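One structure is given below, encoded as structure tokens.
The values are calculated or read from the model by the stated rules, or taken from the named source; none is laboratory data. All of these numbers come straight from a predicted model, not from anything done at the bench. As a convention, Cβ positions derive from the backbone with ideal geometry for all residues, glycine included, and neighbour counts pool all protein chains shown. Accessible surface is based on the protein model in full, side chains and every heavy atom, while ligands, DNA and RNA are left aside. Shrake-Rupley method; radii C 1.70, N 1.55, O 1.52, S 1.80 Å.
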Amino acid sequence: MAPTKKRLGDILVEAGMITPEQLESALKEKSPKQKLGDVLLQKGLITEHQLIEVLELQLGIPLVSLYSYPFDTKLFHLVPKEVAKRNVLIPLKKDHDKLLVAMSDPLDFYAIDDLRMSTGFEIERAIASKDEIIQSINKYYDEDEGLQELLGENTGEEQIVEEIVTEQDAPLVRLVNQLIANAVAQKASDIHIDPHENKVVVRYRVDGILRVERVFPKHLQSLLTARIKILANLDITEHRVPQDGRIKQVFELYPVDLRVSTLPMIYGEKIVLRILDLSSTLTNIHKLGLNKINLQRFQSLIEQPTGIVLITGPTGSGKSTTLYSALNKLNSDEVNIITVEDPVEYQMEGVNQIQVNPTVGMTFATGLRSILRQDPNIIMVGEIRDKETVEIAIRASLTGHLVLSTIHTNDSLSAVTRLIDMGVEPFLIASSLSGIVAQRLVRKVCRDCAEEHEPMKREHEIFAKRGMKIEKVKRGKGCSSCNMTGYKGRMAIHEILVINEEMRRVIINGESFTKLRELAIKNKTIFLIDDGLLKVKQGLTTTEEILRAAILD
């Protein structure tokens, strides 16, 4: 029986998920190649889980979880990988003349008709989430005989190294491509390849947490290392010293930019690949998750014509995203923006970007000196690492430039101590520093499986200590959408310290850290822990996540 042809927009309006006005607005924004469901998801009007539930209820199409589905890989020859990826579908099982297919969009009648014509089977539909289908395609489609042979026994190493240099379709080449494509599909920020005594473990960092993805036999270690080094233009014969490189390629139709770092360990070289998410950088300053007060303070800091604004936090806390968002806001034809970075993570239209290269003497300090002769209005220094860099940055801010940079400290107040510790004169810090932004990333509660709970006694105590009350908290119970973790995606918590005249006097007089903190409290600074707890009250994250990222006084 031919499936009923009902339009997705009408179904969602009927179910009360969106209003006719929201549907109209989404249809106007939609490009010809985009699907309506994707536009609604991007705008945050619905979640994928809600979309699936409505389709299941309205159309009577069964929902299937692919989280641990027993796939029949013999069916994969019926639907080629390219077709499966393009239409976001995967075959599940065959029953006489019927083929059951999991689809993210069961209303894609063109794809259903194409499948019926190419396979000769009557197509039965099931619904699964887009992420689950893409992950399943990446995981199971490439498990062919060549790959199994490679995993199974210790094949001639020299022959395979020769293959990975010359052949683009060699099993090992496909294996590395598959690992990277899987990481991109799972929105991982890093891939860790860890050498152990008798195995190689591949881990992905998803939403800030590392988890084991695959375990390979030990004989594959040197081959994986060689392949990644070839991609990153590193020396494959050098195993004794750390190396750094970069991979820019298109994997599974996604343009991917990876920073590669190798480090010799006792059982071989550990490799970490940092995935740079090019789509999320030039974000709007209003989408950084700043609360109203912090947003107003941050905007006033970056709109000043002179001074230094520092962004502080550990590696992977979203400092670059905040910096680029600020530059994006300030970027116009009237101003000359120059950056000096190591490495240049994201290329921005209209911004002059310098890549640090210590081997030829291009350090942060030398780059910064040259910038000052280029008539800049705004200068961005990727990271303040030494006294020389910070002194030139201060000189630049005192001679009429706005300087944005990052520094590694625990919170905003510690940045002042760190600069003094670097050997910078307190009066220079006081006269040039405008403000400091501290930030951390915390995991968001999965919208698909979030449930309201009564706060625990300890939670009441934590909130009371910060002068707040809490009535309800949200936690995710775990679903296939969030890999049973209860969390999906990350958000930033912020602490913005605006340096005023009283603070400048305290810094110049070399008074205690406690005095500086008292003034910050007097100026109603929202500390990291407070911003985090406010986000717990909004049901966006959990108290456990906040305590993992911020210190409770």
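Taken over the range 203-242, the criterion of being open to solvent by less than 10 Å² (accessible area, probe 1.4 Å) and part of a strand (DSSP E or B) is satisfied by TYR204, PHE216. Applying the criterion of being over 17 Å from the mean Cα position of the chain (by Cα) and more than 21 Å from ARG211 (Cβ to Cβ) to the residues of the range 253-262, the residue that is surrounded by the most Cβ atoms within 10 Å (Cβ to Cβ) is THR262. Residue count for the range 176-195 satisfying the condition of being more than 17 Å from the chain's Cα centre (by Cα) and at pLDDT 95 or above: 3. Tell me, please, whether a residue that is among the aliphatic types (A, V, I, L, M) and either open to solvent by less than 50 Å² (accessible area, probe 1.4 Å) or without any contact (Cβ under 8 Å) to a residue 12 or more places away in the chain (or both) can be found in the range 277-284. Looking for residues that are among the aliphatic types (A, V, I, L, M) and either open to solvent by less than 50 Å² (accessible area, probe 1.4 Å) or without any contact (Cβ under 8 Å) to a residue 12 or more places away in the chain (or both), one finds none in the range 277-284, hence no. If the condition is being under 28 Å from the mean Cα position of the chain (by Cα), charged (D, E, K, R) and open to solvent by 50 Å² or more (accessible area, probe 1.4 Å), then the range 349-385 contributes GLU349, ARG385.
Taking the range 391-465 and the strands (runs of 3 or more DSSP E) fully enclosed by it, the elements with 2 or more residues that are crowded, with 21+ Cβ neighbours inside 10 Å are at 402-407, 433-445. Within the range 336-347, does at least one residue satisfy the condition of being open to solvent by 50 Å² or more (accessible area, probe 1.4 Å), of a type outside the set (S, T, N, Q) and in a helix (DSSP H, G or I)? No, because not a single residue in the range 336-347 is open to solvent by 50 Å² or more (accessible area, probe 1.4 Å), of a type outside the set (S, T, N, Q) and in a helix (DSSP H, G or I). Residues that are among the aromatic types (Phe, Trp, Tyr) and either within 22 Å of GLN299 (Cβ to Cβ) or in a strand (DSSP E or B) (or both) occur at least once in the range 520-542.
Among all residues of the range 273-284, there is at least one that is under 22 Å from VAL201 (Cα atoms), modelled with pLDDT of 95 or more and outside any helix (DSSP H, G or I). Taking (1) surrounded by 11 or more Cβ atoms within 10 Å (Cβ to Cβ); (2) modelled with pLDDT of 80 or more in turn, GLU21 satisfies each apart from (1). Under the condition of being surrounded by 14 or more Cβ atoms within 10 Å (Cβ to Cβ) and closer than 30 Å to LEU288 by Cα, the residues counted in the range 508-517 number 2. Any residue that is hydroxyl-bearing (Ser, Thr, Tyr) and farther than 25 Å from VAL445 by Cα - is there at least one of those in the range 113-125? Looking through the range 113-125, at least one residue is hydroxyl-bearing (Ser, Thr, Tyr) and farther than 25 Å from VAL445 by Cα. Scanning the range 5-15 for residues that are outside any helix (DSSP H, G or I) and open to solvent by less than 60 Å² (accessible area, probe 1.4 Å) returns a single hit, ALA15.
Would it be correct to say that ASN294 is more than 18 Å from ASP244 (Cβ to Cβ), of a type outside the set (A, V, I, L, M, F, W, C), in a helix (DSSP H, G or I) and open to solvent by 40 Å² or more (accessible area, probe 1.4 Å)? No, not satisfied. Tell me, please, whether a residue that is open to solvent by less than 30 Å² (accessible area, probe 1.4 Å), at pLDDT below 85 and assigned to a loop (DSSP other than H, G, I, E, B) can be found in the range 137-144. Checking the range 137-144: at least one residue is open to solvent by less than 30 Å² (accessible area, probe 1.4 Å), at pLDDT below 85 and assigned to a loop (DSSP other than H, G, I, E, B).
Based on this model, can you work out whether PRO314 counts as out of contact with any Gly (no Cβ under 6 Å at 6 or more places or on another chain), within 30 Å of VAL200 (Cα to Cα), open to solvent by 40 Å² or more (accessible area, probe 1.4 Å) and not β-branched (Val, Ile, Thr)? Judged against the criteria, PRO314 is a match. Counting the residues of the range 477-504 that are open to solvent by 30 Å² or more (accessible area, probe 1.4 Å), under 30 Å from LYS522 (Cβ atoms), touching a residue at least 60 places away in the same chain (Cβ under 8 Å) and of a type in the set (D, E, K, R) gives 1. Under the condition of being within 30 Å of MET456 (Cβ to Cβ) and among the charged types (D, E, K, R), the residues counted in the range 494-553 number 11.
Let's see how each residue does on (1) of a type in the set (D, E, K, R); (2) under 30 Å from ILE46 (Cβ atoms); (3) at pLDDT below 90:
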residue	(1), (2), (3)
GLN439	no, yes, no
HIS453	no, yes, no
MET456	no, no, no
LYS472	yes, yes, no
SER481	no, yes, yes
MET484	no, yes, yes
ILE529	no, no, no
